[in-house]
1. Does V75 satisfy being assigned to a helix (DSSP H, G or I), among the aliphatic types (A, V, I, L, M) and surrounded by 10 or more Cβ atoms within 10 Å (Cβ to Cβ)?
2. May I ask you to list the residues in the range 116-139 that are open to solvent by 90 Å² or more (accessible area, probe 1.4 Å) and either among the small types (G, A, S) or farther than 22 Å from R102 by Cβ (or both)?
3. If you check E148 against the conditions, is it in a helix (DSSP H, G or I), modelled with pLDDT of 90 or more, closer than 28 Å to A98 by Cβ and not small (G, A, S)?
4. Out of all the residues in the range 96-115, which are of a type outside the set (V, I, T), under 13 Å from T132 (Cβ atoms), at pLDDT 85 or above and surrounded by 12 or more Cβ atoms within 10 Å (Cβ to Cβ)?
Amino acid sequence: DTLFPQYNVNKSLIMSLSSEENNWIETTLGEESFWIGSRLLDSTDWYIVTILPSKEVLKQSESLKRNIILIVILVSTIAIFAAYAISYSINERIRLLAGKMRDVQSGKLEKLHVPYKNDEINMLIEDYNYMTQEMARLIEEQYKSGQELKNLELKALQAQINPHFLY
């Protein structure tokens, strides 16, 4: 009645396993744990029986688990370094722009030169450069207007003084 005397697996267990959808069961035989699977061969009355020691199954799953953990750690490390590099690149350009804006407060209207990137920060840099150009143009215009005004005032004063010297 027993198929394998060394494992003490009886025929009724094998037949019941092969009739179920999930044809594997974990059982303890003696002191060891085993996975037993059974399947009826088509067009015969023969059964294929597989007995796997749980230690072997778990050893492979432990190896797989260890490999997955290593891969996750590696991918996480790469992702952290990539995020840091991207963040540093963005923050560096923002710091440059903020520094140049502080310089504008103290009267230095210098254009900001950075490598072109097609993003929002580059749009801010372009707007900053336009703004400083316009401010420099307006300051120059105001200076010229002031010079012209002084020249006109001087000519008006001279025109008032000249008739007095004629007398």
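1. Yes, satisfied.
2. Selection gives Y116, N118.
3. Against the criterion (in a helix (DSSP H, G or I), modelled with pLDDT of 90 or more, closer than 28 Å to A98 by Cβ and not small (G, A, S)), E148 does not qualify.
4. Those that are of a type outside the set (V, I, T), under 13 Å from T132 (Cβ atoms), at pLDDT 85 or above and surrounded by 12 or more Cβ atoms within 10 Å (Cβ to Cβ): L97, K100, M101, D103, L109, K111.
The values are calculated or read from the model by the stated rules, or taken from the named source; none is laboratory data. Predicted model, so just to flag it, every value in this text is computed and none were measured. Glycine gets a Cβ as well: all are built from the backbone with ideal geometry, and neighbour counts include every protein chain shown. Areas reflect the complete protein model, heavy atoms only, side chains present, ligands, DNA and RNA absent. Shrake-Rupley method; radii C 1.70, N 1.55, O 1.52, S 1.80 Å.
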